[in-house]
Amino acid sequence: MEAYKNLSKEELLKLHKELNAEYKKYQAKGLKLDMSRGKPGAEQLDLSMGMMDVLNSKSDLVCDDGTDCRNYGVLDGIEEAKELIGDMIEVPADNIIIYGNSSLNIMYDTISRSMTHGVMGNTPWCKLDTVKFLCPVPGYDRHFAITEYFGIEMINIPMLSTGPDMDMVERLVSEDESIKGIWCVPKYSNPQGITYSNETVRRFARLQPAAKDFRIYWDNAYGVHHLYEDDQDTLIEIIAECKRAGNPDLVYKFCSTSKISFPGSGVAAIATSPNNLVDIKKQLKIQTIGHDKVNQLRHVRFYKDIHGMVEHMKKHADILRPKFEAVLDILDRELGELEIGSWYRPKGGYFIAFDTMDGCAKEVVAKAKKAGVTMTPAGATFPYGKDPKDSNIRIAPSYPSLEDLIAATNLFVLCVKLVSIEKLIETM
């Protein structure tokens, strides 16, 4: 296959006519396929059904320290759950607060608390003229939605193969006191699947922000979500690195079991320094007497320890790997030599990031929708839904069946071809 840019206008028009006939055949099929969100498929959810059997009316619901999980109390979570989550994210149990089922909820609360009451005695953000946040792009739309909801100004930071552009991050946070944080998905990032390099993590830990209340929002959403047992990315641990750099309070680390057990009924947590924990608990003890300890115990009894969780995640990988490979194989085969798109080959996580030619992403997503395939809206991976190049599309392979995924991806590449040809003809 020859690169489209090398074809004449007549050749492109002829090819467009052939591809459009194929597209109309897809429209006639009445497809209803969804690649819009990174939800686990039913087969993955089935892996955790045994969790429903580990507790029943005859179970002993008392923890090792004597805590009765049926009753009030234990603001920061049962010790067994803190140890399990601590092993999952490589942090001591003493640095952890266990919450409910959603890490997104914790992130929202953390921003909200900073707005209304400030961070460790600093001025509440709501009393400041301007509050800004750094946003590595493309990134996670729900992160950006939180900061947008609170009226926080978001600044795009380009993602490199090593993580965010740290030259830009270091310069901005050192110069501007109104910059209060940065969103990060450091391992198998959403949507590109990039893992931050050791040097990037160390540069984060050594940041010298102008704002005393600047925090790194380190969303470790995919820490154990590998696709391959023998080829995995590694990430050095940020809390220990910050302590080593003399910046122990610089980071909030978030996590959950949402894509490990049940997305609607998992366990979420924040890990951070002792000083930050004291500050957070001031609000938390007003907000709740404690989160769902029975669910925490259920998770501990099911996985037993980190080794049980690792084995469980291998089963997830066995389901996800063929789906990711199917998408990547189709992209390679159909678009590899055409020079009308680029994509990453992640070793874990939940997404594949695809970049069209500039100015084509919205039209590709719209064209796929008209033929029955729903994708994440173009622009969603940027603050305010505005992709300056209109090029990034997030592909979510996890939810559809393999058969549906292959059909959806074949239609997607067809749409990429059609829209790219139209763009090239337009510029001739």
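Against the condition among the hydrophobic types (A, V, I, L, M, F, W, C), touching a residue at least 24 places away in the same chain (Cβ under 8 Å), over 24 Å from ASN156 (Cβ atoms) and open to solvent by less than 10 Å² (accessible area, probe 1.4 Å), how does ILE85 come out, does it pass?
Values: among the hydrophobic types (A, V, I, L, M, F, W, C): yes; touching a residue at least 24 places away in the same chain (Cβ under 8 Å): yes; over 24 Å from ASN156 (Cβ atoms): yes; open to solvent by less than 10 Å² (accessible area, probe 1.4 Å): yes.
Yes: the conditions hold for ILE85.
Here is a check on your reading of the model: is LYS5 of a type in the set (Lys, Arg), surrounded by fewer than 18 Cβ atoms within 10 Å (Cβ to Cβ) and either modelled with pLDDT of 95 or more or not in a loop (DSSP other than H, G, I, E, B) (or both)?
Working: of a type in the set (Lys, Arg): yes; surrounded by fewer than 18 Cβ atoms within 10 Å (Cβ to Cβ): yes; either modelled with pLDDT of 95 or more or not in a loop (DSSP other than H, G, I, E, B) (or both): yes.
Spelling it out, LYS5 is indeed of a type in the set (Lys, Arg), surrounded by fewer than 18 Cβ atoms within 10 Å (Cβ to Cβ) and either modelled with pLDDT of 95 or more or not in a loop (DSSP other than H, G, I, E, B) (or both).
For the range 116-133, check the following and say yes or no: at least one residue is under 23 Å from the mean Cα position of the chain (by Cα), under 29 Å from LYS389 (Cα atoms) and either among the basic types (Lys, Arg) or in a strand (DSSP E or B) (or both).
As a first pass, look at the range 116-133 and keep what is under 23 Å from the mean Cα position of the chain (by Cα): 132-133.
Narrowing further to those that are under 29 Å from LYS389 (Cα atoms): 132-133.
Remaining after also requiring either among the basic types (Lys, Arg) or in a strand (DSSP E or B) (or both): 132-133.
Looking for residues that are under 23 Å from the mean Cα position of the chain (by Cα), under 29 Å from LYS389 (Cα atoms) and either among the basic types (Lys, Arg) or in a strand (DSSP E or B) (or both), one finds at least one in the range 116-133, hence yes.
Could you grab me the full set of residues in the range 88-109 that are farther than 12 Å from ALA271 by Cβ, touching a residue at least 60 places away in the same chain (Cβ under 8 Å) and of a type in the set (Ser, Thr, Tyr)?
Answer for the range 88-109, where residues must be farther than 12 Å from ALA271 by Cβ, touching a residue at least 60 places away in the same chain (Cβ under 8 Å) and of a type in the set (Ser, Thr, Tyr): just SER102.
Considering only residues that are within 19 Å of GLY223 (Cα to Cα) and of a type in the set (S, T, N, Q), look in the range 88-117 and name the one that is surrounded by the fewest Cβ atoms within 10 Å (Cβ to Cβ).
It comes out as ASN105.
Among the numbered conditions (1) surrounded by fewer than 17 Cβ atoms within 10 Å (Cβ to Cβ); (2) within 24 Å of ASP141 (Cα to Cα); (3) aliphatic (A, V, I, L, M), tell me where MET428 comes up short.
For MET428, the failing item is (2).
To keep it simple, each residue is scored yes or no on (1) more than 17 Å from PRO191 (Cα to Cα); (2) of a type in the set (S, T, N, Q); (3) surrounded by 17 or more Cβ atoms within 10 Å (Cβ to Cβ).
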| site | (1), (2), (3) |
| --- | --- |
| ALA205 | yes, no, yes |
| ALA210 | yes, no, no |
| ASP213 | yes, no, yes |
| ILE216 | yes, no, yes |
| ASN220 | no, yes, yes |
| VAL224 | no, no, yes |
| CYS242 | yes, no, yes |
| GLY246 | yes, no, no |
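Among GLY30, GLY73, GLY50, which is the only one that is surrounded by fewer than 12 Cβ atoms within 10 Å (Cβ to Cβ), in a helix (DSSP H, G or I) and either basic (Lys, Arg) or within 32 Å of the chain's Cα centre (by Cα) (or both)?
Working: GLY30 fails: in a helix (DSSP H, G or I); GLY73 fails: in a helix (DSSP H, G or I).
Matching residue, one of GLY30, GLY73, GLY50: GLY50.
Report the residue count in the range 2-32 for those that are in contact (Cβ under 8 Å) with a residue 24 or more places away in the chain and closer than 21 Å to ALA368 by Cβ.
Here the count works out to 14.
Report whether or not GLY66 is at pLDDT below 95 and either open to solvent by less than 80 Å² (accessible area, probe 1.4 Å) or part of a helix (DSSP H, G or I) (or both).
Numbers: at pLDDT below 95: no; either open to solvent by less than 80 Å² (accessible area, probe 1.4 Å) or part of a helix (DSSP H, G or I) (or both): yes.
No: the conditions fail for GLY66.
Among GLY139, GLY163, GLY181, which is closer than 26 Å to PHE351 by Cβ, among the small types (Gly, Ala, Ser), touching a helix residue (DSSP H, G or I) at 6+ places or on another chain (Cβ under 7 Å) and open to solvent by less than 10 Å² (accessible area, probe 1.4 Å)?
Values: GLY139 fails: touching a helix residue (DSSP H, G or I) at 6+ places or on another chain (Cβ under 7 Å); GLY181 fails: touching a helix residue (DSSP H, G or I) at 6+ places or on another chain (Cβ under 7 Å).
Checking each option against the conditions leaves just GLY163.
For the range 329-347, give me each residue that is in a helix (DSSP H, G or I) and either exposed (fewer than 15 other Cβ atoms within 10 Å of the Cβ) or hydrophobic (A, V, I, L, M, F, W, C) (or both). It would help to see each step written out before you state the result.
Taking the range 329-347 first, the residues in a helix (DSSP H, G or I) are 329-335.
Selection gives ASP329, ILE330, LEU331, ASP332, ARG333, LEU335.
Only one of THR116, THR130 is over 25 Å from PHE354 (Cβ atoms), free of Cβ contacts under 8 Å to residues at least 12 places away in the same chain and hydroxyl-bearing (Ser, Thr, Tyr); which? I'd like the intermediate steps shown before the answer.
Values: THR130 fails: free of Cβ contacts under 8 Å to residues at least 12 places away in the same chain.
Exactly one of THR116, THR130 is over 25 Å from PHE354 (Cβ atoms), free of Cβ contacts under 8 Å to residues at least 12 places away in the same chain and hydroxyl-bearing (Ser, Thr, Tyr), namely THR116.
Determine which single condition VAL373 fails, assuming it passes every other condition in (1) touching a residue at least 40 places away in the same chain (Cβ under 8 Å); (2) open to solvent by 10 Å² or more (accessible area, probe 1.4 Å); (3) under 25 Å from LEU424 (Cα atoms).
So VAL373 meets the others, but not (2).
What tally of residues in the range 90-103 results from selecting those that are under 16 Å from SER261 (Cα atoms) and assigned to a helix (DSSP H, G or I)?
Going residue by residue through the range 90-103, those that are under 16 Å from SER261 (Cα atoms) are 98-103.
The next check asks that each one be assigned to a helix (DSSP H, G or I); those that pass are 103.
Total meeting the criteria: 1.
Among the numbered criteria (1) more than 18 Å from the chain's Cα centre (by Cα); (2) at negative phi; (3) free of Cβ contacts under 8 Å to residues at least 40 places away in the same chain, which one does ILE330 miss?
(3)
Here is a check on your reading of the model: is ALA269 among the small types (Gly, Ala, Ser), part of a loop (DSSP other than H, G, I, E, B), at pLDDT 95 or above and closer than 24 Å to ARG142 by Cβ? Before the answer, list the steps.
Details: among the small types (Gly, Ala, Ser): yes; part of a loop (DSSP other than H, G, I, E, B): no; at pLDDT 95 or above: yes; closer than 24 Å to ARG142 by Cβ: yes.
No, not satisfied.
The values are calculated or read from the model by the stated rules, or taken from the named source; none is laboratory data. Here the structure is a predicted model, which is why all the values come from computation and not from measurement. Glycine also receives a Cβ, built like all others from the backbone with ideal geometry; neighbour counts cover every protein chain displayed. The area values use the complete protein model at the heavy-atom level, side chains included, leaving out ligands, DNA and RNA. Shrake-Rupley method; radii C 1.70, N 1.55, O 1.52, S 1.80 Å.
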